[in-house]
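Please treat every number below as a calculation from the coordinates, not as lab data. What you see is a predicted model; the values in this text were computed from it and never measured. Cβ sites come from the backbone with ideal geometry, for glycine too, and all protein chains shown count toward neighbours.
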Amino acid sequence: MRVNFTVNGRPQEADDVWEGESLLYVLRERLGLPGSKNACEQGECGSCTVRLDGVPVCSCLVAAGQVEGREVVTVEGLAEFAKEREAHSGCASGACGTSIDEAKRWEAKPAQDSQTGEGVELSPIQQAFIDAGAVQCGFCTPGLLVAADEMLERNPSPTDADIREALSGNLCRCTGYEKILDAVRLAAARQGEAV
Amino acid sequence: MDFLRPASWEEALAAKAEHPTAVPIAGGTDVMVEINFDHRRPEYLLDLNRIELLREWEVGEANVRLGASVPYTQIMENLRTELPGLALASHTVASPQIRNRGGVGGNLGTASPAGDAHPALLAAGAEVEVESVRGNRFIPIDEFYTGVKRNALQPDELIKTVHIKKADGPQQYSKVGTRNAMVIAVCAFGLALHPETRTVRTGIGSAAPTPIRAKEAEAFLNAALEEGGFWDNGKIITPSIAKQFADLCSAAANPIDDVRGTAKYRRHAVGIMARRQLGWTWEQYRGAGRTLEGAA
Ligand SMILES: Cc1cc2nc3c(=O)[nH]c(=O)nc-3n(C[C@H](O)[C@H](O)[C@H](O)COP(=O)(O)OP(=O)(O)OC[C@H]3O[C@@H](n4cnc5c(N)ncnc54)[C@H](O)[C@@H]3O)c2cc1C
Ligand code: FES
Ligand code: FES
């Protein structure tokens, strides 16, 4: 079957999709987006976490046919997604809005690719993972980034308990999690400073 | 395999009537695991994600009408007051990613004895509204579970709404597992006080072939509370009553030994959870739940 949906802001069409195929398989094997990882295929590890209409889900447990017409954000599009969010946020009063400069930058972005994530400045959460040393083998990282980024969007000043809860569906076999917690705290602190 | 994507409830019922072997898929958190691991190759998958009414809930006078596909996250966030037991149980399911997709309809569809919604539904009191092209019917929750991973659905029926009694008193839910997240219950227990009818209801998970109520324990406790005037005087339940209740809950369990725990441990743990939850809920009832006029 054919599945039409939006990935990282771009319409995509996947052909010859087997009816029992997962969204994860479509992303990795049909759309060339290997950022979302495949470790367990049973919802246990979270390395395949993506956002489906904004909601973090295990893409290995979503049937491809279920995403028809819907929007998916993967780790490849995270930087771009975070940028847009920043551009559109903090303007509840209507007083700020996008500056002319910013608007220009948004129109011309030939070097940026929301598909591969190349050429795009890292999102704050990605930068924080690097700065805090939260990445070892990196296999768990994409899923953690998507989950952590979504939590910070909902909850800009999380407690440690909030962070643990939000990341409880993501396993890491390398870091022992401490550095990951550091990274999320760092991203939250930087987010706080920026406001 | 064919992927059926009905746009409306009527279309879904028609599709299920035409293809009774079609496997409905809601959050997919049970179905997709089976497909990924080749445990299941259904001829038809029947996607329910497009059906708006399954994702809606409504708080009525006496009941909450919970659409079959309302994800656990929504229950936790929006129905904590009306359905405290189910909200607590929802919070123990797996992880945020799973709770964002999975819901009570899927839990009932799978009907695993370890499903976390079941003890909460049994304790609160609920009816499952199922429908087919032939019409709809209400299945009392006590009659819904018919065997290990078997339920009372007919091949052409779909679960539409779960009608759950709104809490009229404190409710609790706990489960035993090796850690907080991503744990299938070794065993689980739910308890609800119903001051309006002066009854207590229970639900036991993972300790029998199906989720069950501890009916003898309930009957004993209801009689003991009535006899001692506890609902009115709000006194602390005596340890001997609490113990007898816990023992009867243990006795109601009919567990097996498996990788997650032994039968003996499960029976023991059910009793402990029963006693603690009775203590917690009763304290809450004595405190905020009622006015202690003239009580010592
Ligand atoms: C990693 C992981 C951890 C888990 N942990 C827990 C846990 O802690 N506690 C727990 O209780 N469960 C757990 N589960 C199991 C699962 O998440 C739950 O059973 C969940 O409630 C299923 O809901 P769903 O919408 O995803 O169901 P689906 O997978 O879509 O469907 C499940 C079954 O119900 C049927 N079905 C779904 N909707 C309907 C309907 N409207 N009418 C008729 N039949 C229907 C399907 O055909 C299927 O047989 C876990 C699963 C995973 C992958
Ligand atoms: S691959 Fe999806 S949760 Fe592990
Ligand atoms: S860094 Fe290796 S699994 Fe997390």
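So which residues in the stretch B:1-26 are within 14 Å of another protein chain (Cβ to nearest Cβ), surrounded by fewer than 16 Cβ atoms within 10 Å (Cβ to Cβ) and within 23 Å of B:Pro71 (Cβ to Cβ)?
B:Ala7
Among the residues of the stretch B:50-73, count how many are under 22 Å from the mean Cα position of the chain (by Cα), more than 9 Å from chain A (Cβ to nearest Cβ) and within 10 Å of ligand 1 (Cβ to nearest atom).
Residues that pass the stated criteria total 6.
crowded, with 22+ Cβ neighbours inside 10 Å and either under 28 Å from B:Thr21 (Cβ atoms) or within 16 Å of ligand 2 (Cβ to nearest atom) (or both): is that true of B:Leu108 in this structure?
Answer is yes for this residue.
Mind checking which residues of the stretch B:104-137 are over 14 Å from B:His163 (Cα atoms) and either part of a strand (DSSP E or B) or of a type in the set (Ser, Thr, Tyr) (or both)?
Listed by number, the residues that qualify are B:Thr110, B:Ser112, B:Ser132, B:Gly135.
Looking only at residues that are more than 9 Å from chain B (Cβ to nearest Cβ) and surrounded by fewer than 24 Cβ atoms within 10 Å (Cβ to Cβ) in the stretch A:53-68, which one is nearest to A:Glu150 (Cα to Cα)?
So the residue we want is A:Gly54.
Go through the stretch B:32-89 and report how many residues are surrounded by 20 or more Cβ atoms within 10 Å (Cβ to Cβ), out of contact with any Pro (no Cβ under 8 Å at 6 or more places or on another chain) and charged (D, E, K, R).
The number of residues fulfilling the criteria is 1.
If you go through the stretch A:120-143, how many residues are touching a helix residue (DSSP H, G or I) at 6+ places or on another chain (Cβ under 6 Å) and within 13 Å of ligand 3 (Cβ to nearest atom)?
6
From the list A:Gly138, A:Gly133, which one is within 19 Å of A:Val75 (Cα to Cα) and free of Cβ contacts under 8 Å to residues at least 24 places away in the same chain?
Exactly one residue qualifies, and that residue is A:Gly138.
On the given criteria, is B:Met76 more than 9 Å from ligand 1 (Cβ to nearest atom) and within 14 Å of chain A (Cβ to nearest Cβ)?
Against the criterion (more than 9 Å from ligand 1 (Cβ to nearest atom) and within 14 Å of chain A (Cβ to nearest Cβ)), B:Met76 qualifies.
Can you name the residue in the stretch B:200-245 that is without any contact (Cβ under 8 Å) to a residue 24 or more places away in the chain and aliphatic (A, V, I, L, M) and is also surrounded by the fewest Cβ atoms within 10 Å (Cβ to Cβ) among such residues?
B:Ala223
Could you tell me which of the residues B:Asp38, B:Asp47 is more than 18 Å from the chain's Cα centre (by Cα) and either free of Cβ contacts under 8 Å to residues at least 40 places away in the same chain or more than 14 Å from ligand 1 (Cβ to nearest atom) (or both)?
Step by step, each of B:Asp38, B:Asp47 is checked, and only B:Asp38 is more than 18 Å from the chain's Cα centre (by Cα) and either free of Cβ contacts under 8 Å to residues at least 40 places away in the same chain or more than 14 Å from ligand 1 (Cβ to nearest atom) (or both).
Of the residues A:Val17, A:Val7, A:Val62, A:Val3, which is within 16 Å of ligand 2 (Cβ to nearest atom) and of a type in the set (A, V, I, L, M)?
Being within 16 Å of ligand 2 (Cβ to nearest atom) and of a type in the set (A, V, I, L, M) holds for just one of A:Val17, A:Val7, A:Val62, A:Val3, which is A:Val62.
Determine, yes or no, whether A:Gly69 is more than 16 Å from A:Phe139 (Cβ to Cβ), within 13 Å of ligand 1 (Cβ to nearest atom) and in a loop (DSSP other than H, G, I, E, B).
Spelling it out, it is not the case that A:Gly69 is more than 16 Å from A:Phe139 (Cβ to Cβ), within 13 Å of ligand 1 (Cβ to nearest atom) and in a loop (DSSP other than H, G, I, E, B).
What tally of residues in the stretch A:1-48 results from selecting those that are of a type in the set (Gly, Ala, Ser), more than 16 Å from ligand 1 (Cβ to nearest atom) and crowded, with 21+ Cβ neighbours inside 10 Å?
The number of residues fulfilling the criteria is 3.
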